[in-house]
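Written out below as structure tokens is the structure these notes cover.
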DNA sequence: CTCCAATCTTGTCACTGACAAGATTTGCGC
DNA sequence: GCGCAAATCTTGTCAGTGACAAGATTGGAG
């Protein structure tokens with residue numbers, strides 16, 4: 001038979017994080033309780049607190065992990081501004097739970113050092129993409145922000161169901177590429 | 001002296017809405033309780049329920065009112081795509097509390113008819129701006145979405161403090177105009 | 001083997017959203 | 001004016017929640 005019940009869970013931290021991610025995907029970053037995560041992980045209601053402190057602690061961990069995955073995804077597309085834009089949207093859609101927490105600082109502790117390191121890492125890649133995109137135009141900052149805004153705005157609108165397209169069976173990446181190419185002038 | 005205390009509040013619905021807007025501005029759409037709104041309005045803890053049903057009811061009313069104000073702001077700039085983009089960002093910044101609820105459908109009842117009417121009204125103006133913006137390019141939908149995305153993305157990033165600029169004393173509208181002009185090709 | 005620190009449990013408290021039942025007031029028909 | 005139904009507000013209650021405190025269990029360093 002399976003594992004014997006033991007007093008110690010073994011990897012409660014990860015189990016709670018995974019439960020949180022699943023819960024966020026189902027009902028948003030506020031649609032669940034710490035006690036529910038504990039139940040899903042099969043531990044007592046106060047066990048998660050030891051690893052995360054409080055609810056904001058769980059969300060801080062989610063955001064930190066999210067920014068790390070995000071930085072990784074962007075770095076993989078570094079050098080290609082258009083590809084970075086696509087990667088941005090891809091990440092938001094594929095890792096919806098992370099994305100929905102990452103850009104809502106009131107949910108977590110924004111001064112977390114690990115989180116800020118990953119966030120800055122992602123920021124550098126974006127800035128580099130922006131510089132490359134606007135080479136020679138002398139409008140670095142505005143171009144970078146515009147590119148960032150399109151990717152972020154499209155992803156947000158898609159995720160919250162504001163786009164009629166997200167109701168149908170439309171292909172996100174296909175649509176994202178069309179939209180991004182308006183700003184990035186990418187190969188269509 | 002002032003008004004005599006009466007059993008009936010007089011305009012509790014509005015008082016609760018205003019309290020909600022203030023609370024949202026202070027601590028986000030989830031950072032307060034119905035009971036707190038009741039206290040701010042000086043009524044018993046269950047009074048608001050009679051006007052709104054439950055918490056989602058309050059947020060539904062906020063979103064509906066928000067979409068109406070939003071539609072009005074966009075209509076006032078109708079005909080000028082670039083101006084519509086500026087109005088979009090202006091609205092988000094000036095009416096942060098509304099904006100933060102409007103695009104988070106999991107917070108309210110998305111099937112509210114009054115809300116949907118206002119939402120569609122705003123949608124029409126945006127679509128018209130998009131058509132005008134892309135006249136002759138035969139890329140209506142992509143251009144419309146790109147313009148919408150830039151405005152929405154910039155506003156979102158600004159509001160959640162993701163832009164370094166939003167930390168300083170930068171002028172939102174000034175920066176917004178620069179960013180929007182990258183996509184809208186507007187007069188800079 | 002011992003003991004300490006990490007991990008988990010049990011118990012508790014104030015607060016919350018939702019609901020039910022009753023009190024007060026308004027205003028409409030007449 | 002008058003009575004009465006409907007709207008408005010209050011009081012009371014219940015399960016669920018986040019946070020904290022104190023105690024039980026366990027693994028690992030030495």
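Bear in mind these aren't lab numbers, they're just calculated from the coordinates by the rules spelled out. All values reported here derive from a predicted model rather than from experimental measurement. FYI the Cβ positions are ideal-geometry reconstructions off the backbone, even for glycines, and counts take in every protein chain you see.
List of remarks:
- Summarising the label geometry, the points placed 7 Å from Cα in the beta-carbon direction at residue B:9 and residue A:106 lie 2.1 nm from one another.
- Fraction of alpha-carbon pairs over 32 Å apart in the protein assembly as shown - percent: 38
- Ratio of the Cα radius of gyration of the range A:77-188 to 2.2 N^0.38 Å, where N counts its residues: 1.10
- For residue B:166, inter-copy label distances in nm, listed shortest first [label point 7 Å out on the Cα-Cβ vector]: 1.8
- D (Stokes-Einstein, µm²/s), Kirkwood Cα radius, the range A:54-131, 1.306 mPa s at 10 °C: 127
- Degrees between helix A:140-159 axis and first principal axis of chain A (Cα, 0 to 90, nearest 10): 50
- Based on C-alpha pairs under 8 angstrom that are at least 6 apart in sequence, chain B has a relative contact order of 21 percent.
- Put simply, when A:75-82, A:169-176, A:154-161 are sorted by average Cβ atoms within 10 angstrom per residue, most first, you get A:154-161, A:75-82, A:169-176.
- Within chain A, helix-based [θ] at 222 nm, where runs of 4 or more DSSP H residues each add -39,500 (n - 2.57), nearest 500: -22000 deg cm²/dmol
- Extending 7 Å from the Cα toward the beta-carbon at both residue B:76 and residue A:140 defines two label points whose distance is 3.7 nm.
- Separation of alpha-carbon centers, the range A:116-181 and the range B:149-167, rounded to whole Å: 12
- Inter-copy label distances at residue A:39, using a point 7 Å along Cα-to-Cβ, come to 2.8 nm with the shortest given first.
- The distance from the alpha carbon centre of the range A:31-96 to that of the range B:1-80 is 32 Å, rounded to a whole number.
- Minimum Cβ-to-axis distance in chain A for the rotation onto chain B, with residue, whole Å: A:153, 1
- Two-decimal log10 I(q)/I(0) for chain B, as the Debye equation yields it once each C-alpha is a single scatterer, q = 0.08, 0.12, 0.15 Å⁻¹: -0.32, -0.65, -0.91
- Distances in nm from residue A:114 to the matching label points in the other copies, shortest first (labels 7 Å along Cα to Cβ): 4.7
- In this simple spin-label model, placing a label point 7 Å from the Cα along the Cα-to-Cβ direction at both residue A:33 and residue A:173 gives a separation of 4.1 nm.
- Hydrodynamic analysis of the range B:130-188 uses the Kirkwood radius over alpha carbon pairs. Inserted into Stokes-Einstein at 25 °C and 0.890 mPa s, it gives a translational diffusion coefficient of 199 µm²/s.
- Cα coordinate range in the range B:1-62, projected on the principal axes (Å, largest first): 36, 23, 16
- Counts of other chain beta carbons within 10 angstrom of each beta carbon in peptide B:135-146 average 4.
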